[in-house]
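Data first, discussion second: the structure below is written as structure tokens.
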Amino acid sequence: MKPLQASSGDLNADRRADFAEMLLASGEPAQAAELLLGALELAPQWAAGWFRLGEMQEAAGFLDQAAQAWTMALKLDPADRLGASLKLQLIGHAPAAAAPPGAFVETLFDHYADRFEEALVGTLGYRMPDVLDRAIRLARPGRFRLALDLGCGTGLMGERLRPIVERLEGYDISAGMLRKARAKGIYDQLSRADLQHFSYAGPKADLVVAADVFIYVGALERIVGAVADTLADDGVFAFSVETTAGGDDFALLPSRRYAHSEAYVRRVLAACGFSVLSLDPTVIRQDRIEPVDGLGVVAEKSSKP
């Protein structure tokens, strides 16, 4: 299956699916779902079709049927490149998980790599690289010997870091994003890495940055601990999170991103040996014309006694 496959491989099924999309766009999700279900009778192995059926049934208010469709999508694509398990969690048909499927994050960013910057910066007003750049420079003026850009994407954060670091390394799960970052020529090294399992065996860094990355992580204990192991004493860790409206440590949002509470962020940092240098509320980007609230955080790894 191609990432986010738009074709079922059956021309008649594809035609019905196209008509279903037209019905959905015209505000008739129940009729759209019925038509797409007919298309899936012709192409029952089309995982992306089952996923889309679930979205149409969800829009129509048929949550139990949506759960069945997403369960079928997950059965056909166990790696869960479409994030069906997250949709099931959001409607209460699966237990909450501490992290998204790695294949979902990889597929998502591979799919959007070519238009990522235009959409994120031009359309959504993304501003975290500038926010974190200023916070880092205020907290620790001067140059850094070695900086790691976790979840580097196309290099938006790396462009800000390059003037203040001697060596810059970038890590991302998406080959498509890494290809875009490589074309900018700003990194000394780029490597593919899933931050859920990140480890680093090189020399100790004195700066680690994760801009708008933890929205695809969930529970932060492991990755923050890995960053602590990566940093030299007194090293700087700068990152951002979206913030929760409720009292939970972190929560999966309808956007299928994770938001975190300030109290949880502070607690995890302290447990991993960090002291907070700055923690500032900020607007990360726009989403459907609404501001997305978050935190820009700069922390310092405490020196060993």
Q) Within the bounds of region 182-189, is there any residue that is modelled with pLDDT of 95 or more and surrounded by 19 or more Cβ atoms within 10 Å (Cβ to Cβ)? A) yes
Q. In region 80-126, how many residues are in a loop (DSSP other than H, G, I, E, B), more than 16 Å from the chain's Cα centre (by Cα) and surrounded by 17 or more Cβ atoms within 10 Å (Cβ to Cβ)?
A. 1
Q: Could you grab me the full set of residues in region 11-43 that are surrounded by 18 or more Cβ atoms within 10 Å (Cβ to Cβ) and part of a loop (DSSP other than H, G, I, E, B)?
A: Ala43
(Q) Tell me whether region 57-64 contains one or more residues that are surrounded by fewer than 18 Cβ atoms within 10 Å (Cβ to Cβ), under 30 Å from Phe214 (Cβ atoms) and in contact (Cβ under 8 Å) with a residue 60 or more places away in the chain. (A) no
Q: Residues being open to solvent by 30 Å² or more (accessible area, probe 1.4 Å) and either polar (S, T, N, Q) or over 15 Å from Leu231 (Cα atoms) (or both): count how many of those fall in region 277-305.
A: 14
**Q.** Which numbered condition Leu138 misses (of (1) in contact (Cβ under 8 Å) with a residue 60 or more places away in the chain; (2) in a helix (DSSP H, G or I); (3) buried (at least 19 other Cβ atoms within 10 Å of the Cβ); (4) touching a strand residue (DSSP E or B) at 6+ places or on another chain (Cβ under 9 Å))
**A.** (3)
**Q.** Residue check, Glu106 under 26 Å from Tyr200 (Cβ atoms), in contact (Cβ under 8 Å) with a residue 12 or more places away in the chain and among the acidic types (Asp, Glu)
**A.** yes
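The values are calculated or read from the model by the stated rules, or taken from the named source; none is laboratory data. Everything quoted here is computed from the prediction, not taken from an experiment. Don't worry about glycine lacking a Cβ; one is built from the backbone with ideal geometry, like all the others, and counts go over all protein chains shown. Side chains are part of the model used for accessible areas, which takes the heavy atoms of the whole protein and leaves out ligands, DNA and RNA. Shrake-Rupley method; radii C 1.70, N 1.55, O 1.52, S 1.80 Å.
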